[in-house]
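Everything below concerns the one structure shown next.
The values are calculated or read from the model by the stated rules, or taken from the named source; none is laboratory data. Because the structure is a prediction, the values reported are computed rather than measured. Heads up, the Cβs are rebuilt from the backbone with ideal geometry, glycines too, and the neighbour counts pull from every protein chain shown.
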Amino acid sequence: MERIGQVAFRKGQKRTALDQAASFAYLFTAVIAASSLVLIAVFLLVKGLEPFFKTYTENGVTFQVSFWNFLFAMHWYSLPKESGILYLTINTLYVSLLATLIALPLSIYTALFISKIAPKPFGEILAFAIELLAAIPSVVYGLFGREIICPMVDALAQGLGLMSKGGLSSLSAAIVLALMILPILTSLSVNAMKNVPASYLSSSLALGASRTETYFKVIIPASRNGIFAGLILGLGRALGEATAVSSVIGNAGSGPTFDLFGTSATLTSNMLLGYSEAVGANAEIRFSIGLALILLIIGVDLLLSLVQKRMAKKYGQD
Amino acid sequence: MKKFEKMMLLLPLAALAACAKTGDPSISVYTRDTTSGTRDGFMTAIGYSAAKTDNSKLATGYIQVASNGDMISSIKNDANGIGYISLSTLATSGVSGLSYEGVKPSEATVLDGTYKMTRNFNYIVRASYADEKVGQIVEAYRAFLTTSDAKATMKQLGGILTIAASDPTWADIKANYAIAAADNKAITIHFGGSTSVEEMAKALSKEFAPLCGNFVAEHNHTGSGDAYKRTQGSDKDSSSALDIAYASREFSSSEAFATGTTGKMCTDAIVASVNANNQKISNITAAQLRDIYSGTITKWSELVK
């Protein structure tokens, strides 16, 4: 019983009835919090798998949903027509990856500036402004994307002599997502960089390295773990974001789309499309897409932690 | 790790290479999703019913939008876009509405029957009631829909119809419905069906309930598909059963309703629309729209020739 939280109790100190009642209450809330995870998992699993074991009769057509088609079809025609999520999964990964590629350098440089270069008060103001970005609701990001980012992307496409559908595209979605994950990535990177011991900096400088060399060869590698944690959280958010993405991506019915200026669709945007009016199989299949999405997010997170562990092994723990 | 980084750098390059080039601009085809009643009405009107709920029949690269408003803002942003919206929203939309088969869309052309891309807002009621009083209120409501009072409300909310001088007011006919004079606070009437009609339906209930003994109006709109199902079809005795349900389309042959249980409320017109800067065309035919939505015509140049 050497828990940190219990160190405060002196040996032999008696627990009052109130203490006991309170710890029962803590236990109760902890169980509720943890069991909601189990509840959600069971609910999603049951609801997500149900459509594949059911026979639907809709508008005079009797059909079953093929699990194989659901996993591997490259278009979504609406049930009972062949509809599958493979292209949605590829698009989801592609758009999230693009978003991370845009956000990662931005947030690392910003974090460097805030933690090491900017005068302290200015850095704090900047850090606060970036954290505020996280407080903006996704529907506002969606509106912003639709009205500001899409026309900009459209203009860019036209400038390059390329076709774009009013800017509804993978690129717009990636930019909006990049804005959304920027605060997570930046604040975790700032924290990590602030925690790099000052001795690292002075040793490096004393060895004759320039400031820039020190930042890139000492500070950033030493903050690797924090940056990676930000990456995991940020990618999770990017993969799961629905409202903002649906507003700017164009909801293509087939794919996958690698064209930056082409319309695309993700698992989440497809779940949301027509949700308010869908009935029967087309409503229930959305749980299956949700299940697939969660599995995808867990998979990506596991993969990233594996990469992180391997890197730690290679370069040594800080 | 170096290899991984190189791959990451190659990704944007590969993405750029995959982009489509302009020149002779392609038509961007916008459609509502398969649950939409407007889509149903549009596809039926242009004679392409196969694509009502089946995306596989649509041109490659079609874009799905979630609502009428989403359609408008998409067309506004896309110089090469084509889509379809409700006539009631055309005036304020900022997109350009096309004439259909040579007829300009307007309330007048819809009413005189020359503008053909229309759909009716219909209702269906139960064939039998567990509570006789519910049946009487429903009958009173149906009579109310024919009055100038109800018609004015429908018109105000974008419904297209004529209010004739011969139309009775509710005050003229209420004596025929004894139930209207009773106290109906304990009776709940279940409304549902089309979401396109939802706003109008709620306004009508709000107006009629005080005129008919303050019955409780409960609205649960889930789509036109449930209108028949929940009044006379498979769900008529379920917990989601309805007394009065609306459909923003005609009832189909598979919906075998009892005679005298349905009625028309008003008409809504659908307008094929393009970007306001698109001067290429001002008129479109059903055959052209079919070709665009099925992918036979993909370039604006093919339409203009």
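Structure summary
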{"item": "Cβ pairs under 7 Å, 6+ apart, first in region B:160-173 and of a type in the set (Phe, Trp, Tyr), second part of a loop (DSSP other than H, G, I, E, B)", "result": "B:170/B:147"}
{"item": "Residue in region A:133-155 that is in contact with a strand residue (DSSP E or B) (Cβ under 8 Å, 6 or more places away or on another chain) and under 16 Å from residue A:247 (Cα atoms) present", "result": "no"}
{"item": "Cβ pairs under 6 Å, 6+ apart, first in region A:167-186 and in the same structural domain as residue A:268 (by TED's automatic domain parsing), second assigned to a helix (DSSP H, G or I) and acidic (Asp, Glu)", "result": "A:167/A:154; A:183/A:131"}
{"item": "Residue in region A:271-290 that is farthest from the other protein chains (Cβ to nearest Cβ), counting only those that are among the hydrophobic types (A, V, I, L, M, F, W, C) and touching a strand residue (DSSP E or B) at 6+ places or on another chain (Cβ under 7 Å)", "result": "A:281"}
{"item": "Test: residue B:233 is surrounded by 15 or more Cβ atoms within 10 Å (Cβ to Cβ) and assigned to a loop (DSSP other than H, G, I, E, B)", "result": "yes"}
{"item": "Matching option when the condition is at positive phi and either modelled with pLDDT of 90 or more or crowded, with 16+ Cβ neighbours inside 10 Å (or both), among B:81, B:102, B:97, B:23", "result": "B:102"}
{"item": "Some residue of region B:233-246 being at pLDDT 90 or above, within 14 Å of chain A (Cβ to nearest Cβ), out of contact with any His (no Cβ under 6 Å at 6 or more places or on another chain) and under 30 Å from residue A:59 (Cα atoms)", "result": "yes"}
{"item": "Residue count, region B:199-224 (criterion: under 18 Å from the mean Cα position of the chain (by Cα), in a helix (DSSP H, G or I) and touching a residue at least 24 places away in the same chain (Cβ under 8 Å))", "result": "5"}
{"item": "Helices (runs of 4 or more DSSP H) wholly inside region B:68-135 that include at least 3 residues being within 14 Å of chain A (Cβ to nearest Cβ) and touching a residue at least 12 places away in the same chain (Cβ under 8 Å)", "result": "B:68-77"}
{"item": "Unique match (being under 27 Å from the mean Cα position of the chain (by Cα) and either of a type in the set (D, E, K, R) or at pLDDT below 90 (or both)) among A:37, A:18", "result": "A:37"}
{"item": "Qualifying residue in region A:265-276 (condition: more than 30 Å from residue B:226 (Cα to Cα), in the same structural domain as residue A:169 (by TED's automatic domain parsing) and touching a Ser or Thr at 6+ places or on another chain (Cβ under 8 Å))", "result": "no"}
{"item": "Pairs, first surrounded by 16 or more Cβ atoms within 10 Å (Cβ to Cβ) in region A:113-124, second part of a loop (DSSP other than H, G, I, E, B), C-beta under 6 Å, six or more apart", "result": "none"}
{"item": "Residue within region A:217-229 that is β-branched (Val, Ile, Thr), outside any loop (DSSP other than H, G, I, E, B) and more than 25 Å from residue A:134 (Cβ to Cβ) present", "result": "yes"}
{"item": "Failed item in (1) over 21 Å from residue B:26 (Cα atoms); (2) touching a helix residue (DSSP H, G or I) at 6+ places or on another chain (Cβ under 8 Å), with residue B:63 passing the rest", "result": "(1)"}
{"item": "Cβ-Cβ under 7 Å pairs, at least 6 apart or on other chains, region B:12-37 side more than 7 Å from every other protein chain (Cβ to nearest Cβ) and in a loop (DSSP other than H, G, I, E, B), far side surrounded by fewer than 14 Cβ atoms within 10 Å (Cβ to Cβ) and at pLDDT below 60", "result": "none"}
{"item": "Yes/no for residue B:166 being loosely packed, with under 13 Cβ neighbours inside 10 Å and either out of contact with any strand residue (DSSP E or B) (no Cβ under 8 Å at 6 or more places or on another chain) or hydroxyl-bearing (Ser, Thr, Tyr) (or both)", "result": "yes"}
{"item": "Every residue from region B:148-178 that is closer than 23 Å to residue B:218 by Cβ and among the β-branched types (Val, Ile, Thr)", "result": "B:153"}
{"item": "Residue among A:220, A:298, A:227 that is surrounded by 20 or more Cβ atoms within 10 Å (Cβ to Cβ) and either within 14 Å of chain B (Cβ to nearest Cβ) or within 20 Å of the chain's Cα centre (by Cα) (or both)", "result": "A:227"}
{"item": "Filter result (more than 10 Å from residue A:78 (Cβ to Cβ), part of a helix (DSSP H, G or I) and of a type outside the set (A, V, I, L, M)) within region A:267-282", "result": "A:268, A:269, A:270"}
{"item": "Single condition residue A:298 does not satisfy, out of (1) at pLDDT 90 or above; (2) closer than 24 Å to residue A:51 by Cβ; (3) not in a helix (DSSP H, G or I)", "result": "(3)"}
{"item": "Checking residue B:277 against (1) exposed (fewer than 15 other Cβ atoms within 10 Å of the Cβ); (2) more than 14 Å from every other protein chain (Cβ to nearest Cβ); (3) part of a loop (DSSP other than H, G, I, E, B), the condition it does not meet", "result": "(2)"}
